[in-house]
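Nothing in this text is a laboratory measurement; each read-out follows from the coordinates by a stated rule. Note that the coordinates shown come from a computational prediction; the quantities given were computed from them, not determined experimentally. All Cβ positions, even for glycine, are placed from backbone atoms using ideal geometry, and neighbour counts span all protein chains on display.
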Amino acid sequence: MNRTTKTIWYKRVTIQGHKTTLRTLLASALNDRPLAGERLMNMANDAENIGINLYQTQEDLLFGQFICFLPGMRQPVMTLENGKTAFDLATIAAETTDDGKKREFLESIGYFGIVDNHLMLVQTKALSSREFEDYLTWLLTNATTTLAKGTMLTLDDPAATKARKTAAQKNIRGVTIGTQLQAVAAPEIVKGDAVSKYELKGGAFDALRSLLGAEIFDKLSLEESLEEDNIELQLTVRVKGRRVASDDGQKFLRAVGRATRHIDPRDYAIELERNGELKGSDLKLHRTVGVATHQQGGLIDETAMMAHMIAWLKELNEKGYIDP
């Protein structure tokens, strides 16, 4: 067997108004949708399909594959040939099986493990925690009636223990969120004249709206002089006039963990007293593990990945890094 490295991210699941755990709810939904084709969610933007494929249990862990594919996608290939000034490019379609069953190229495959409301996720560029959160919400509230429609489910980032201790010792002054935002034209008709207004779009913008409230940004307008250039927005929320009590600081960390759960760790930081700082990467729990891959097919050894997830969750719990 060959080996590869994978990063496991820890998320704490919050389900609005529910004490039943995600582990129990998801097991019920999967029982209601036993066929893989029934669990596919179509992404409206580009017709990609995402869904839980194979799943199994080990100890208390519900483990599964999270897949993504575009129906009918063709795979680019290149023909290597000596003496060519440019290699020939072409695309190929996935071949059908000998008995006529349709095949599709997988765009991406991720993995998840769930114990109670603890989630361990192996993400990819195409399948991040945002896609998994959207999918779980769809599966539990739309594809099945496991949860009532409109129930909010979030995959939050609890601050790592070291970060929490540092924040408690030095006191939190605020949070800085900076990101590249795109000024997107939104044409309108005003008094019979066509005008162009601009709306902000970007990875961290949802986090800012979540922390400060949508009404602040709904009143924000951009002049035509911006055209469609990228603008840099950096916003700092700072506490003035008093020290932040430890309990308040931990509540603030939890709020930041929820608001920033889907943005790049490089795009935010916590300000501390005496010019201290906790970077976004300090606030997300993750571990890189080595895992074997099967010689035929190149997929990871899922039994080994499950063992890594179980062992890491036990370690996090025993050392008090996470809440039970």
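The simple Förster model, with R0 at 22 Å and r as the Cβ-Cβ distance, assigns residue 288 and residue 103 a FRET efficiency of 0.10. Put in line by how crowded their Cβ is, counting other Cβ atoms within 10 Å and starting with the fewest, 35, 139, 316, 299 read 35, 299, 316, 139. A Förster radius of 22 Å combined with the Cβ-Cβ distance from residue 5 to residue 314 puts the calculated FRET efficiency at roughly 0.55.
Spin-label model, residue 70 to residue 14: label points 7 Å out along the Cα-to-beta-carbon direction sit 3.5 nm apart. Relative to the current alpha-carbon distance between residue 303 and residue 116, full extension at 0.36 nm per residue lengthens the span by 65.3 nm.
Of 81, 131, the sequence from fewest to most neighbouring Cβ atoms within 10 angstrom is 81, 131. Over 25 Å apart at the Cα level, from the set 6/149; 6/102; 125/149; 284/314; 19/149, are 6/149; 6/102; 125/149. Residues 8, 15 in ascending order of nearby Cβ atoms (within 10 Å, fewest first): 15, 8.
Scoring 103-116, 18-31 by mean Cβ neighbours within 10 Å over their residues and listing the highest first yields 103-116, 18-31.
The Cβ shell under 12 Å around residue 294 holds other residues with a net charge of -1, Lys and Arg each +1, Asp and Glu each -1.
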